[in-house]
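Novice: I'd like to ask you about the structure that follows.
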Amino acid sequence: MKVRPYLLPLLLILPCLLAACGRPAPDEATITMKEMAFRQSEITVIAGQPVTLRLVNLDGYAHAFDIDAFDIHTSLAAHETARVSFTPDKPGRYPFYCSSPGHEMAGMVGTLIVGP
Ligand SMILES: [Cu+2]
C-alpha cells in the first residue's frame with residue numbers, strides 16, 4: 001500500500017497525539033521516590049483543577065508523602081505505588097515532604113506549585 005504524501009504528516013503526528021507526546025495527562029503527575037529523595041522536586045498543577053499525584057516508591061523501605069496545606073498524608077511501603085487526588089483551590093507554592101523519621105532532614109522535600 002502506498003501512503004499518499006499529504007497523509008504523511010498526519011500519520012507522524014497521530015501517535016504523538018494519542019500518547020500526549022509521552023507526557024502524562026495534565027491532571028496526573030508522577031512523583032518518584034528513590035534513594036531518599038523526590039526525583040521531581042517541583043510539581044506544577046493548576047488551581048481549581050482536580051489533580052492526581054501518582055506516588056512511586058522505588059526504595060526498599062517505607063516513605064511518606066505529605067502536603068500539610070492540603071491535609072495530604074500518605075504512607076508508602078517499600079516499592080509501593082499510591083495515588084492521591086485533590087483539587088488545589090488557591091495558587092501558590094506549597095512545600096511537600098516525607099514524614100518518615102529523619103527523611104525530611106535528609107532532603108526529602110519538594111514544592112507543589114499551584115498556578116492560576
Ligand atoms: Cu522518605
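A short reminder: the numbers here are calculations on the coordinates, not readings from a lab. Since the model is a prediction, treat every value here as computed from it, not as a measurement. When we count neighbours, we look across all protein chains shown, and the Cβ atoms used for this are built from the backbone with ideal geometry, even at glycine.
Novice: May I ask you to sort Leu58, Leu53 by Cβ crowding, counting other Cβ atoms within 10 Å and putting the fewest first?
Specialist: Working: Leu58 14, Leu53 22.
Result, fewest neighbours first: Leu58, Leu53.
Novice: From the C-alpha gyration tensor of region 24-115, pull out the three semi-axes of the equivalent ellipsoid (sqrt of 5λ each), sorted largest to smallest, in whole Å. It would help to have the intermediate numbers written out before the result.
Specialist: Details: eigenvalues 89, 37, 23 Å².
Value: 21, 14, 11 Å, ordered largest first.
Novice: Additional query: Using Cβ contacts closer than 10 Å as the measure, can you line up Asp59, Asp66, Asp89 from fewest to most? Write down the numbers at each step before the final one.
Specialist: Details: Asp59 16, Asp66 19, Asp89 9.
Ordered by Cβ neighbours within 10 Å, fewest first: Asp89, Asp59, Asp66.
Novice: If we count other beta carbons within 10 Å of each Cβ, what is the order of Ser100, Ser41, fewest first?
Specialist: Values: Ser100 19, Ser41 13.
Taking fewest neighbouring Cβ atoms as first place, the list is Ser41, Ser100.
Novice: Sticking with this one: Ile46 to Ala77: extension gain in nm, 0.36 nm per residue of separation minus the Cα-Cα distance?
Specialist: Working: separation 31, 0.36 × 31 = 11.16 nm, distance 2.88 nm.
Gain on extension, Ile46 to Ala77, equals 8.3 nm.
Novice: In a shell of Cβ-Cβ distance under 14 Å around Thr87, excluding Thr87 itself, what net charge do Lys and Arg (+1) and Asp and Glu (-1) give? Provide the component values of the computation, followed by the final result.
Specialist: On the way: positive: Lys90; negative: Asp27, Glu28, Asp71, Asp89.
Once all neighbours under 14 Å are counted, the net charge is -3.
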